[in-house]
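*Asks:* Mind having a look at this structure? Questions to follow.
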Amino acid sequence: MSLDQTTRRAVLAGSTLALGGGGVYYLSRSDDTDDGSSLSPTMHASEETSALGVDLAGKPIMGDTDAPIEIYYWTDFQCPICEQFERETLPDLVSEYVESGEVRLVFIVVPFFGADSMTAAVASKCVWEQVRESDPSTYWDWHAAVFAEQGERNSGWASADSLLEITDSVPDVDAAELEACLEDERSEFEKTVEADAEQARAFDIRGTPTFVVFDPETEAAGTLVGAQPLERFADALEQIRET
């Protein structure tokens, strides 16, 4: 199975195809894989609009600012397949390609699964706003902690109260500041989350996790869908580099 390739223009027109749906959603879970909490990745912020047309403001970015390849990752904290990807593939993806400076990974949190997904997406933006200038890598600790506590979809585990409890366990992230943000800035952050969701629909992204692998220099792009193994990402990166 090859990467579904396209161009920046096709991505912006919403004409990308999905790779790997179907069976990938039924991969077995492994109890001895990393949940991501052991990662210590470099994170950074940007106020630019990327060559793909994504406004990077307010989005956590992992990896070197000058990495030649970008991977855009649409995710939902309530998505079980996203949790599977982060536990089974993301640690190796970071080790092999992000830490080497080859890839930077842009996180785009969207609310595919209702009100609690929106709350978690807003909380993500609140936490990123809190730490992005002082210690952006702290965001990863919070992100990993939330996925580690994932429960049944819309069961309340991603409610504001539950997220505040999770945040209390994350060093250097202020739960009281998050609570104030959720109370005072929720409506403003919801607008940015909704804009991200609208752009995802324009890109023909229909579920999470979805990835666009993109070379800004050549504008070659391809999509991956689901909890794909590291080998699939390796193949995708090779095909994009050779385009």
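The values are calculated or read from the model by the stated rules, or taken from the named source; none is laboratory data. No experiment lies behind these values; they were computed from the predicted model shown. Glycine also receives a Cβ, built like all others from the backbone with ideal geometry; neighbour counts cover every protein chain displayed. The accessibility values were calculated without ligands, DNA or RNA, using every heavy atom of the protein model including side chains. Shrake-Rupley method; radii C 1.70, N 1.55, O 1.52, S 1.80 Å.
*Asks:* Against the condition open to solvent by 30 Å² or more (accessible area, probe 1.4 Å), under 16 Å from Cys79 (Cα atoms) and under 21 Å from the mean Cα position of the chain (by Cα), how does Gln150 come out, does it pass?
*Replies:* Taking the combined requirement at face value, the residue satisfies it.
*Asks:* Taking the criterion of being under 15 Å from the mean Cα position of the chain (by Cα), within 21 Å of Thr42 (Cα to Cα), among the β-branched types (Val, Ile, Thr) and in the same structural domain as Gly151 (by the TED database), would at least one residue in the range 90-103 satisfy it?
*Replies:* Scanning the range 90-103, I find no residue that is under 15 Å from the mean Cα position of the chain (by Cα), within 21 Å of Thr42 (Cα to Cα), among the β-branched types (Val, Ile, Thr) and in the same structural domain as Gly151 (by the TED database), so the answer is no.
*Asks:* Under 8 Å by Cβ, and 6 or more places apart or on different chains, what pairs join a residue from the range 151-177 that is of a type in the set (Phe, Trp, Tyr) with one that is outside any loop (DSSP other than H, G, I, E, B) and surrounded by 15 or more Cβ atoms within 10 Å (Cβ to Cβ)?
*Replies:* Between residues of the range 151-177 that are of a type in the set (Phe, Trp, Tyr) and residues that are outside any loop (DSSP other than H, G, I, E, B) and surrounded by 15 or more Cβ atoms within 10 Å (Cβ to Cβ), the close pairs are Trp157/Asp116.
*Asks:* Applying the selection to the range 217-229, what residues are open to solvent by less than 40 Å² (accessible area, probe 1.4 Å) and within 20 Å of the chain's Cα centre (by Cα)?
*Replies:* The answer is Ala221, Gly222, Thr223, Leu224, Val225, Gly226, Ala227, Gln228.
*Asks:* Consider the range 98-123. How many of its residues are in contact (Cβ under 8 Å) with a residue 60 or more places away in the chain and assigned to a helix (DSSP H, G or I)?
*Replies:* Count: 4.
*Asks:* Same structure, new question: Which one is nearest to Glu231 (Cα to Cα), of the residues in the range 38-95 that are touching a His at 6+ places or on another chain (Cβ under 9 Å) and not small (Gly, Ala, Ser)?
*Replies:* Going through the qualifying residues, I end up with Glu86.
*Asks:* Moving to a separate point now. Within the range 55-79, can you find the residues that are assigned to a loop (DSSP other than H, G, I, E, B) and in contact with a Cys (Cβ under 9 Å, 6 or more places away or on another chain)?
*Replies:* Asp76 - this is the single residue of the range 55-79 that is assigned to a loop (DSSP other than H, G, I, E, B) and in contact with a Cys (Cβ under 9 Å, 6 or more places away or on another chain).
*Asks:* Oh, and also: Which residue, of Ala123, Ala175, is over 23 Å from Ala57 (Cβ atoms) and open to solvent by less than 20 Å² (accessible area, probe 1.4 Å)?
*Replies:* Going through Ala123, Ala175 in turn, the sole match is Ala175.
*Asks:* Among the residues that make up the range 83-94, is at least one of them assigned to a strand (DSSP E or B) and surrounded by 16 or more Cβ atoms within 10 Å (Cβ to Cβ)?
*Replies:* no
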